[in-house]
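The values are calculated or read from the model by the stated rules, or taken from the named source; none is laboratory data. Note that the structure is a prediction, hence the values are computed from the model and not measured. Quick reminder, even Gly has a Cβ in these numbers, built from the backbone with ideal geometry, and neighbours come from all protein chains shown. In case anyone asks, the SASA skips ligands and DNA or RNA and just uses the protein heavy atoms, side chains included. Shrake-Rupley method; radii C 1.70, N 1.55, O 1.52, S 1.80 Å.
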Amino acid sequence: QVQLVESGGGLVQPGGSLRLSCAASGITFSIYDMAWYRQAPGKQRELVASITDFFRTNYADSVLGRFTISRDNAKNTVHLQMNSLNPEDTAVYYCRANRGQNVYWGRGTQVTVSS
(Lines give C-alpha, C1' and ligand atoms only; values in the text may rest on other atoms or scores of the structure.)
Protein backbone atom coordinates (compact mmCIF):
# COMPACT_ATOMS: atom_id res chain seq x y z
CA GLN A 1 0.00 0.00 0.00
CA VAL A 2 1.37 3.35 -1.05
CA GLN A 3 1.49 6.09 1.56
CA LEU A 4 2.69 9.67 1.34
CA VAL A 5 2.67 11.41 4.70
CA GLU A 6 3.31 15.14 4.90
CA SER A 7 4.52 16.92 8.01
CA GLY A 8 5.97 20.25 9.07
CA GLY A 9 3.07 22.56 8.41
CA GLY A 10 1.81 25.11 10.89
CA LEU A 11 1.31 28.77 11.67
CA VAL A 12 4.16 31.16 10.88
CA GLN A 13 4.51 34.93 10.77
CA PRO A 14 5.18 36.76 7.51
CA GLY A 15 8.85 36.56 6.67
CA GLY A 16 9.27 33.31 8.53
CA SER A 17 10.31 29.86 7.39
CA LEU A 18 8.96 26.33 7.46
CA ARG A 19 10.31 23.03 6.26
CA LEU A 20 7.83 20.49 4.97
CA SER A 21 8.62 16.80 4.71
CA CYS A 22 6.91 13.98 2.87
CA ALA A 23 7.71 10.42 3.83
CA ALA A 24 6.90 7.81 1.21
CA SER A 25 6.33 4.10 1.61
CA GLY A 26 5.11 1.34 -0.68
CA ILE A 27 6.94 2.65 -3.74
CA THR A 28 10.47 2.45 -5.10
CA PHE A 29 11.01 6.04 -4.12
CA SER A 30 14.20 6.69 -6.07
CA ILE A 31 12.55 6.17 -9.47
CA TYR A 32 9.61 8.46 -8.82
CA ASP A 33 9.34 12.10 -9.69
CA MET A 34 8.21 14.01 -6.61
CA ALA A 35 6.40 17.29 -6.29
CA TRP A 36 4.73 19.67 -3.89
CA TYR A 37 1.39 21.22 -4.76
CA ARG A 38 -0.75 23.61 -2.79
CA GLN A 39 -4.38 24.59 -2.69
CA ALA A 40 -5.65 27.77 -1.12
CA PRO A 41 -9.33 28.22 -0.20
CA GLY A 42 -11.41 28.86 -3.30
CA LYS A 43 -8.50 28.25 -5.64
CA GLN A 44 -7.32 25.40 -7.80
CA ARG A 45 -4.49 23.16 -6.74
CA GLU A 46 -1.23 24.42 -8.19
CA LEU A 47 2.26 23.09 -8.62
CA VAL A 48 4.78 24.63 -6.22
CA ALA A 49 7.95 22.68 -6.94
CA SER A 50 9.05 19.38 -8.42
CA ILE A 51 12.14 17.21 -8.46
CA THR A 52 12.73 14.37 -10.88
CA ASP A 53 14.35 11.04 -10.21
CA PHE A 54 17.49 12.61 -11.65
CA PHE A 55 17.21 15.53 -9.21
CA ARG A 56 16.17 18.08 -11.80
CA THR A 57 14.09 20.76 -10.09
CA ASN A 58 11.36 23.11 -11.24
CA TYR A 59 9.58 25.90 -9.38
CA ALA A 60 6.51 28.04 -9.75
CA ASP A 61 7.41 31.65 -10.49
CA SER A 62 5.71 32.74 -7.27
CA VAL A 63 8.12 30.75 -5.08
CA LEU A 64 11.32 30.92 -7.12
CA GLY A 65 14.19 32.05 -4.95
CA ARG A 66 12.24 31.49 -1.72
CA PHE A 67 11.46 27.75 -1.74
CA THR A 68 13.82 24.83 -2.22
CA ILE A 69 12.80 21.26 -2.96
CA SER A 70 15.13 18.38 -2.14
CA ARG A 71 14.96 14.64 -1.82
CA ASP A 72 16.71 12.01 0.28
CA ASN A 73 16.44 8.68 -1.48
CA ALA A 74 18.04 6.88 1.45
CA LYS A 75 15.16 8.00 3.67
CA ASN A 76 12.39 7.97 1.03
CA THR A 77 11.69 11.58 1.84
CA VAL A 78 11.17 14.79 -0.07
CA HIS A 79 11.45 18.18 1.59
CA LEU A 80 10.28 21.69 0.84
CA GLN A 81 12.22 24.46 2.53
CA MET A 82 10.10 27.59 2.52
CA ASN A 83 11.64 30.95 3.35
CA SER A 84 10.35 34.52 3.29
CA LEU A 85 6.81 33.29 3.63
CA ASN A 86 3.96 35.68 2.96
CA PRO A 87 0.19 35.43 3.50
CA GLU A 88 -0.29 34.43 -0.15
CA ASP A 89 1.56 31.19 0.66
CA THR A 90 -1.26 30.12 2.98
CA ALA A 91 -2.64 26.84 1.68
CA VAL A 92 -2.81 23.12 2.19
CA TYR A 93 0.40 21.65 0.80
CA TYR A 94 0.28 18.23 -0.84
CA CYS A 95 3.00 15.80 -1.75
CA ARG A 96 2.74 13.94 -5.04
CA ALA A 97 4.66 10.99 -6.45
CA ASN A 98 4.43 9.96 -10.06
CA ARG A 99 6.03 7.59 -12.48
CA GLY A 100 4.29 7.16 -15.79
CA GLN A 101 0.62 6.59 -15.13
CA ASN A 102 1.16 5.89 -11.46
CA VAL A 103 0.26 8.98 -9.45
CA TYR A 104 -0.08 9.11 -5.69
CA TRP A 105 -1.03 11.96 -3.36
CA GLY A 106 -0.63 12.63 0.31
CA ARG A 107 -3.41 14.04 2.47
CA GLY A 108 -1.79 17.43 2.86
CA THR A 109 -0.48 19.67 5.60
CA GLN A 110 -1.81 23.12 6.41
CA VAL A 111 0.49 26.13 6.16
CA THR A 112 -0.85 29.40 7.50
CA VAL A 113 1.12 32.63 7.20
CA SER A 114 -0.34 35.30 9.42
CA SER A 115 0.65 37.87 12.00
Restricting attention to segment 32-57, the residues that are over 17 Å from L20 (Cα atoms) and of a type outside the set (D, E, K, R) number exactly 7
* Is there a residue being touching a strand residue (DSSP E or B) at 6+ places or on another chain (Cβ under 7 Å), touching a residue at least 24 places away in the same chain (Cβ under 8 Å) and open to solvent by 60 Å² or more (accessible area, probe 1.4 Å) anywhere in segment 48-59? -> no
With respect to Q44, is the statement that it is part of a loop (DSSP other than H, G, I, E, B), at pLDDT 95 or above and surrounded by fewer than 20 Cβ atoms within 10 Å (Cβ to Cβ) true?
yes
Filter segment 72-109 for residues that are under 11 Å from the mean Cα position of the chain (by Cα) and either at pLDDT below 95 or of a type in the set (V, I, T) (or both); the one that is least open to solvent (accessible area, probe 1.4 Å) is V78
Restricted to segment 1-19 and to residues being part of a loop (DSSP other than H, G, I, E, B) and at pLDDT 95 or above, the residue least open to solvent (accessible area, probe 1.4 Å) is G16
Review point. For S114, are the conditions met, namely being small (G, A, S), touching a helix residue (DSSP H, G or I) at 6+ places or on another chain (Cβ under 7 Å) and open to solvent by less than 70 Å² (accessible area, probe 1.4 Å)?
Key: yes
Output for Cβ contacts, cut-off 8 Å, separation at least six or different chains, first residue in contact (Cβ under 8 Å) with a residue 60 or more places away in the chain and within 14 Å of C22 (Cα to Cα) in segment 101-114, second open to solvent by 60 Å² or more (accessible area, probe 1.4 Å) and not polar (S, T, N, Q), reads G106/V5; R107/V5
Restricted to segment 60-71 and to residues being hydrophobic (A, V, I, L, M, F, W, C) and open to solvent by less than 50 Å² (accessible area, probe 1.4 Å), the residue nearest to T28 (Cα to Cα) is I69
